[in-house]
Amino acid sequence: MRPTKKHRLQSKYLRRLPPGQAPFLYVPAQGRYRRRRVMTGLRLIVGLGNPGPEHAQTRHNAGFRFIDALAAQAGARWNVDSKLFGETAKVDIAGQPVWLLKPATFMNLSGKSVTAAQRFWKIEPEETLLAHDELDLPPGVARLKFDGGHGGQNGLRDTIRLLGHGRFHRLRIGIGHPGHKDRVVPWVLGRAGKDDDVLIGRAVDDAIDVLPLAVKGDFSEAMKRLHTPK
């Protein structure tokens with residue numbers, strides 16, 4: 001298929017900014033150049049959680065649950081990597097090699113592992129997805145998001161603190177809210193009931209289904225499919 005004029009212009013005016021900043025596409029618009037964000041694909045997927053069997057089935061470990069399910073589906077093995085402060089695995093998604101990471105630092109120090117992996121593998125924050133539990137979404141719901149604050153999630157908080165910004169992708173896995181802030185800590189560190197556990201598992205499966213699109217950089221379509229009620 002011959003490239004269209006639009007494709008030739010996009011190729012001609014694609015520019016990379018310094019590390020830590022997302023790429024932008026420069027295209028002519030009314031005699032001037034207009035700047036538009038272009039999302040790169042994913043090279044690193046991180047599941048946030050707390051290590052240890054006592055935390056394995058807790059709501060707070062929804063990120064671990066997601067990354068474990070992804071690794072199992074791909075038949076990948078986890079390996080302890082002390083220099084990255086966690087466990088790592090490598091999978092193929094949509095024909096692309098992708099690193100998986102489970103920080104062993106406990107949730108509050110997750111950024112130490114995330115940033116170590118990014119430096120070691122030379123992966124930009126914009127090529128990174130962090131999967132985490134989300135109080136503001138009900139069980140059974142998962143949402144993709146790029147950029148923003150930490151929303152009280154300590155794994156995101158530490159990562160943003162060390163990066164100096166929040167320009168990375170997030171997969172928010174709903175665990176529901178207990179209804180009052182004083183009940184949040186025991187809620188997230190507790191195990192979900194049977195019905196909620198099934199719903200969280202469905203949300204994890206739905207997110208895995210759209211990952212090939214995200215890995216290829218087609219986040220709009222990935223979000224459309226994941227965010228559309230079934």
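The values are calculated or read from the model by the stated rules, or taken from the named source; none is laboratory data. In this text the structure is predicted, and so the values were computed from the model without any measurement. In this analysis, Cβ positions are derived from the backbone assuming ideal geometry, glycine residues included, and neighbour counts consider all displayed protein chains.
Things worth noting here:
- Qualifying residues in region 66-105 (those that are of a type in the set (A, V, I, L, M, F, W, C) and on the phi > 0 side of the Ramachandran plot) - the one modelled with the lowest pLDDT: 94
- Residue 123 vs. criteria in contact with a helix residue (DSSP H, G or I) (Cβ under 8 Å, 6 or more places away or on another chain) and in a loop (DSSP other than H, G, I, E, B): yes
To keep it simple, each residue is scored yes or no on (1) in a helix (DSSP H, G or I); (2) closer than 18 Å to residue 148 by Cβ; (3) not β-branched (Val, Ile, Thr).
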| position | (1), (2), (3) |
| --- | --- |
| 170 | no, yes, yes |
| 200 | yes, no, no |
| 205 | yes, no, yes |
| 212 | yes, no, yes |
| 224 | yes, no, yes |
| 230 | no, no, yes |
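- Members of region 79-101 that are touching a strand residue (DSSP E or B) at 6+ places or on another chain (Cβ under 9 Å) and either in a helix (DSSP H, G or I) or of a type in the set (Gly, Ala, Ser) (or both): 84, 86, 89
- For region 157-191, the candidate set comprises residues that are more than 28 Å from residue 216 (Cβ to Cβ) and touching a strand residue (DSSP E or B) at 6+ places or on another chain (Cβ under 8 Å); within that set, the residue that is surrounded by the most Cβ atoms within 10 Å (Cβ to Cβ) is 175.
- Of the set (1) at pLDDT 95 or above; (2) surrounded by 15 or more Cβ atoms within 10 Å (Cβ to Cβ), all apply to residue 205 but (2).
- For region 42-78, a residue qualifies if it is part of a strand (DSSP E or B), under 17 Å from the mean Cα position of the chain (by Cα) and of a type in the set (Val, Ile, Thr), and the qualifying residues are 45, 46.
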